[in-house]
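Asker: Would you mind keeping the following structure in view while I ask a few things?
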Amino acid sequence: MRTKHWLIVLAIVAVVSAALIVLSLGPRVGPSIILVSVDTLRPDHLGCYGYHRDTSPALDAFARESLRFEVCYAQAPTTRPSCSSIISGFLPHETQVFNNRYALPAGLTTVAELLLQSGYRTLAVVSNYVLIGGSGFEQGFEFYDDQMDEVELIRGVPERIAEHTTNSAISLMRLNRKDSFFMWIHYQDPHGPYTPRPPYNQMFVDSALEPIMLDVNEEESGIGGIPSYQKLPGQRDYNYYVSQYDGEIRYFDEHFKRLIDALKELGLYDTALIIFTADHAEGMGERDFYFAHTEFVYNNLIHVPLIVRMGRDLKGVSKDQVQILDLVPTMLDVAGIVPGTEYRGTSLLGEIPQERTIFSEMPGKYALIRDDLKLIYHDDESGYKLFNLAADPAEALDIIRDAEYGSRVKWMAGELAEVRKEDFLRGRVKSKKPRLSREEKEKLKALGYVQ
Ligand SMILES: [Zn+2]
């Protein structure tokens, strides 16, 4: 009897152990991934990128404990095309999201879908109206929070302010803390009109600066003056607008601090992959282009911040040229997913190739960057322009006719034409212009996206 009793005990122990082994093997899921993107954020208006105003103390502290990339390019100067590259790893002409009127095609496989398939919980909190559910950006997310209760002061377009975006992100993190999750948080605050609430609206107003009076444009364009949607009552001074843009960044930063504190409290700060970037930047008067984006592929619109944290050891400043196309390969790398497709980008946690070509585009305007040279091609006007970014980071001096660069220009022009024709998705994705309701049309019109 005694032997039989022990055999039963041993059998139970064996079954329980086997069950525990199966449970522990489970689906093999990597660390949580938090992707923070901020709309319309210029790196050179952040302290960690050398700005003279104290716009970003929390972000600067985060950057000191992470790897900050000096030179990161967005693949487009507009929200939807750029976010299509952030979330899929392909160029806008491949995702077929050419501007904010195009939905993200259902046939496109996003990083959210890949992570969901491999066992991640997938969550998003978006705050820009062009990313609302139905825009296609929700695909792959189990929970897509696009609630926008505020209305922008000037345009009347729904948005969500950083306080509420952060509240939602923190609640979702708490709910999912026991699982590995992917969370995309997109903040909207620095996007115009620049209307920070008190005290941020006064924080950077500098009465010692000589006013620089600008014209107000009748249209949304930023060429030659203040875009109509940016017009602040009674204000035409360039310096005032910059102070309000900076105030929006500082307001966002206060809530970014709360996000980081929550990550620390939940034990995610040292274990999760945390990526901070922007979808595009903003013109601040360069080439007489003010307080807008969407219209060019110059660096003031496509140079974006990028800060990556993965554990305590990944720290410092990198001068490698990187791009937002590198984000999907980085996330898949951390998740342990071997891509079943070819990407142009490379994981930021590995060796960054030194000889690389970076491409950025919008309809009719294209940029190709190789080493220190940047070639820009405009379909409809002067054709090619060439800039030496090392000697002329502001792209002020066009050196296309400089004989010294003749053979490089020829090679770069060939590459630019080649990339424009390339399709890593092999035609699998078809563009889809959504049918808009009258209300949506009116809101997009107010944003300047629908003529
Ligand atoms: Zn944007």
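The values are calculated or read from the model by the stated rules, or taken from the named source; none is laboratory data. Just so it is clear, the model here is predicted, and its values are computed rather than measured. Backbone-built Cβ (ideal geometry, glycine too); neighbour counts: all protein chains shown. Side chains are part of the model used for accessible areas, which takes the heavy atoms of the whole protein and leaves out ligands, DNA and RNA. Shrake-Rupley method; radii C 1.70, N 1.55, O 1.52, S 1.80 Å.
Asker: Just name the residue that is farthest from the chain's Cα centre (by Cα) out of those in the range 165-189 that are assigned to a helix (DSSP H, G or I) and of a type in the set (A, V, I, L, M).
Answerer: Taking the candidates together, the pick is Leu175.
Asker: Does the range 110-123 include one or more residues that are more than 26 Å from Arg174 (Cβ to Cβ), in contact (Cβ under 8 Å) with a residue 12 or more places away in the chain, open to solvent by 30 Å² or more (accessible area, probe 1.4 Å) and not aromatic (Phe, Trp, Tyr)?
Answerer: No, the range 110-123 contains no residue that is more than 26 Å from Arg174 (Cβ to Cβ), in contact (Cβ under 8 Å) with a residue 12 or more places away in the chain, open to solvent by 30 Å² or more (accessible area, probe 1.4 Å) and not aromatic (Phe, Trp, Tyr).
Asker: Check the range 228-237 and report whether any residue there is open to solvent by 40 Å² or more (accessible area, probe 1.4 Å) and in contact (Cβ under 8 Å) with a residue 60 or more places away in the chain.
Answerer: Yes, that holds for at least one residue.
Asker: Let me ask another. I'm trying to understand the selection: among the residues of the range 211-227, which are open to solvent by 60 Å² or more (accessible area, probe 1.4 Å) and either in a helix (DSSP H, G or I) or without any contact (Cβ under 8 Å) to a residue 12 or more places away in the chain (or both)?
Answerer: Within the range 211-227, Glu218 is the sole residue that qualifies.
Asker: Residue under question is Ser118, and the condition is that it be in contact with a His (Cβ under 7 Å, 6 or more places away or on another chain) and not basic (Lys, Arg); does it hold?
Answerer: Spelling it out, it is not the case that Ser118 is in contact with a His (Cβ under 7 Å, 6 or more places away or on another chain) and not basic (Lys, Arg).
Asker: Still on this model: Could you pull out the residue among Tyr144, Tyr187, Tyr200 that is among the aromatic types (Phe, Trp, Tyr) and in contact (Cβ under 8 Å) with a residue 60 or more places away in the chain?
Answerer: Every option except Tyr187 fails the conditions.
Asker: Residue check, Ser66 against (1) under 15 Å from the mean Cα position of the chain (by Cα); (2) open to solvent by less than 10 Å² (accessible area, probe 1.4 Å), all met but one. Which one?
Answerer: (1)
Asker: What's the number of the condition Tyr240 fails, among (1) surrounded by fewer than 24 Cβ atoms within 10 Å (Cβ to Cβ); (2) away from the ligand (no atom under 16 Å from the Cβ); (3) under 22 Å from Arg80 (Cβ atoms)?
Answerer: (3)
Asker: With the range 59-131 as the region, which helices (runs of 4 or more DSSP H) entirely inside it contain at least 3 residues that are over 14 Å from Met362 (Cβ atoms) and away from the ligand (no atom under 12 Å from the Cβ)?
Answerer: The helices (runs of 4 or more DSSP H) meeting that bar are 111-117.
Asker: All but one of (1) over 30 Å from Arg250 (Cβ atoms); (2) out of contact with any Phe, Trp or Tyr (no Cβ under 9 Å at 6 or more places or on another chain); (3) open to solvent by 30 Å² or more (accessible area, probe 1.4 Å) hold for Asn167, so report the exception by its number.
Answerer: So the condition that Asn167 fails would be (1).
Asker: Same structure again: Collect the residues in the range 35-58 that are open to solvent by less than 10 Å² (accessible area, probe 1.4 Å) and either out of contact with any strand residue (DSSP E or B) (no Cβ under 7 Å at 6 or more places or on another chain) or part of a loop (DSSP other than H, G, I, E, B) (or both), keeping them in residue-number order.
Answerer: Of everything in the range 35-58, those that are open to solvent by less than 10 Å² (accessible area, probe 1.4 Å) and either out of contact with any strand residue (DSSP E or B) (no Cβ under 7 Å at 6 or more places or on another chain) or part of a loop (DSSP other than H, G, I, E, B) (or both) turn out to be Asp39, Thr40, Leu41, Leu46, Thr55, Ser56.
Asker: Give Tyr187, Tyr129, Tyr194 a once-over and let me know the one that is in contact with a Pro (Cβ under 8 Å, 6 or more places away or on another chain) and among the hydroxyl-bearing types (Ser, Thr, Tyr).
Answerer: So the residue among Tyr187, Tyr129, Tyr194 that is in contact with a Pro (Cβ under 8 Å, 6 or more places away or on another chain) and among the hydroxyl-bearing types (Ser, Thr, Tyr) is Tyr129.
Asker: Also, I was wondering about something else. Out of Lys430, Lys365, Lys421, which single residue is within 18 Å of Ile302 (Cα to Cα) and either charged (D, E, K, R) or more than 24 Å from the chain's Cα centre (by Cα) (or both)?
Answerer: That would be Lys365, the only listed residue that is within 18 Å of Ile302 (Cα to Cα) and either charged (D, E, K, R) or more than 24 Å from the chain's Cα centre (by Cα) (or both).
Asker: Where in the range 294-390 are there strands (runs of 3 or more DSSP E), lying fully within it, with 2 or more residues that are β-branched (Val, Ile, Thr) and buried (at least 23 other Cβ atoms within 10 Å of the Cβ)?
Answerer: Those strands (runs of 3 or more DSSP E) span 303-310.
Asker: Turning to a different aspect of this structure: Exactly one condition in (1) under 21 Å from the mean Cα position of the chain (by Cα); (2) within 30 Å of Gln235 (Cβ to Cβ); (3) away from the ligand (no atom under 15 Å from the Cβ) is false for Met148; which is it?
Answerer: Unmet condition: (3).
Asker: Further, regarding this structure: Kindly provide the set of residues from the range 405-451 that are loosely packed, with under 12 Cβ neighbours inside 10 Å, hydroxyl-bearing (Ser, Thr, Tyr) and modelled with pLDDT under 65, ordered by number.
Answerer: Ser437
Asker: Thr195: among the polar types (S, T, N, Q), within 16 Å of the ligand (Cβ to nearest atom) and under 23 Å from the mean Cα position of the chain (by Cα), yes or no?
Answerer: no
Asker: Could you look through the range 255-292, keep only residues that are in contact with a Pro (Cβ under 9 Å, 6 or more places away or on another chain) and either modelled with pLDDT under 95 or open to solvent by 10 Å² or more (accessible area, probe 1.4 Å) (or both), and pick out the one that is farthest from the ligand (Cβ to nearest atom)?
Answerer: Selected residue: Thr271.
Asker: Residues of the range 149-164 being open to solvent by less than 30 Å² (accessible area, probe 1.4 Å) and not in a helix (DSSP H, G or I), which ones?
Answerer: Glu152, Arg155, Val157, Pro158, Glu159, Arg160, Ile161
Asker: If the Cβ limit is 6 Å and pairs must be 6+ apart or interchain, which residue in the range 20-40 that is under 18 Å from Asn176 (Cβ atoms) and away from the ligand (no atom under 16 Å from the Cβ) pairs with which residue that is at pLDDT 95 or above and assigned to a helix (DSSP H, G or I)?
Answerer: From the range 20-40, the pairs are Gly30/Val334; Gly30/Ala335; Ile33/Met331.
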